[in-house]
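Working notes, beginning with the structure itself.
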Amino acid sequence: MTELRSYGSSLQNRGIKRICILGLEDYAMLTGDSSFGPIGGESVQHVLLAKAWRDMGLDVSVIVYDHGQPRTSMIDGIRVLASFARDGGTRVLRFVHPRLTSVIRAMREAEADVYYQSPAAPWTGVAAYFAKQFGKSSIARIASDSDCQRSQRPARYSQQPVRYRRDRWMFDYGVRNSSLVAAQTERQRELLACHYGVHSEILNIAVELPAAAAPRSKDIDVLWLGNFREVKRPDIALEIARRLPQYRFAFVGGSVPAGQAYFDRIKSEAQALSNLDFIGAVPYSSTGDWFDRSRIHLNTSDYEGFPNTFLQAWIRRVPVVSFYDPDGLIQRRALGRVCSNVDEMCAQLDRLLRDPTECAHIGARALSFAASEFSAHQIAARYLDLLESTAVTPVRAEMVGRRPASRA
């Protein structure tokens, strides 16, 4: 902790004293109360970074939706600024007021040196424009591969849908005008260079280290955990559970705004399977317990960025079986299995579940990798080091395709 404070003091000497995260959906993660909304991967990352920057001695603010809480409050040493109610205001007019006006007001109140925003939304552009106007720095973090493809970003694949032409234009402006664009993978970096012509830096996402605890029995064979969005394809996980009735499955996660009907349909189908426990939404603080109880984590998403659940699994020695493999990490590091179709996924799950020794070897590799590469404090420090860098490397054709050393 002393080293972190010393690092923070050096940043303050160079001009970085205050950081503001524009994370409208973060209040549930900050309070630990999921009644304020679903807790997605971006909110997890925002709060882990906020706590890391706080530990460095910096003043950290987070701008959130107005849930009826005080306009300004402190949670765990982090200043929380309320903006607008999610559904407040008159249609058509409400984007300007109360939404835009309240966000700008909160950004002024934060008086930050750096404004950090994700996922893809018009607020990406607002943060970049505000920072440019007032001589501040801004960070745009890319959450999903689909956010990097200007002509191929269907609303259902966005973490926060960019549905309107105005919103797409504002997001595009933000990507092109932010001080730092943070990608999660080499794939995203290539897409940003191709579609936007911008240079981006690869920054890992952070993982929260689990508290030391006594070993738990593995009473769940396959865990599917996430918010129930169509892009995450829980319907495929259902089909896999039907085909593998000899194994115990658990589905953990809640619905998302405008997604209750989809959630209810999946829940109804899941409850008809005797080998599947449909748990529904749980507090973020208890998600680690579900990984501790599980032998394999299953991911069936069409699109991702770098899933938080991969790190939650790996830090607890749990192999991952997935269609999606960010930068080929699962295959290159032997952290689980990557599949191309449902038949292959069923076969790989069956092989691993029949071979506990192989699962243990994968788990040991996964723990070592996650613990060494995804420390929140290391990642928080790298963001600030990149902002302090005096030279920004231009995008060149020969750069595209090069992998960062840490992921070799």
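A short reminder: the numbers here are calculations on the coordinates, not readings from a lab. This one's a predicted model, so the numbers in the text were calculated from it and none came from an experiment. Please note: Cβ atoms are built from the backbone with ideal geometry, for glycine as well, and neighbour counts cover all protein chains shown.
Odds and ends about this structure:
- Length released on extending from Thr90 to Val342, taking residue separation times 0.36 nm less the Cα-Cα span: 86.2 nm
- Ranked list, fewest to most other Cβ atoms within 10 Å of each Cβ, for Thr124, Thr90: Thr90, Thr124
- Estimated distance in nm for a label pair at Tyr164 and Ile75, the labels positioned 7 Å out from Cα along Cα-to-Cβ: 2.7 nm
- Modelled spin-label separation between Glu388 and Asp289, with each label point placed 7 Å from Cα along the Cα-to-Cβ direction: 4.1 nm.
- Residue-normalised convex hull volume from the C-alpha trace of the range 220-373: 102 Å³ per residue.
- Compactness index (Cα Rg / 2.2 N^0.38 Å), the chain: 0.97
- Amide H contacts of Gly336 (H built 1.01 Å from N, in plane; Pro and chain starts excluded): Val320 sit under 5 Å, all sequence-distant by 5 or more or on other chains.
- Alpha-carbon centroids, the range 178-230 and the range 77-104: separation in whole Å: 28 Å
- Relative contact order (%) - the range 267-402, alpha-carbon pairs under 8 angstrom, separation at least six: 19 percent
- Inter-site label distance for Lys218 and Ile104 at 7 Å from Cα along Cβ, in nm: 5.6 nm
- For the chain, relative contact order (Cα pairs under 8 Å, six or more residues apart, normalised by length) works out to 15 percent.
- The stretch between Lys17 and Glu111, if pulled fully straight at 0.36 nm per residue, gains 32.9 nm over its current Cα-Cα span.
- FRET efficiency for the Asp302 to Leu209 pair, using the beta carbon distance and R₀ = 35 Å, is estimated at 0.70.
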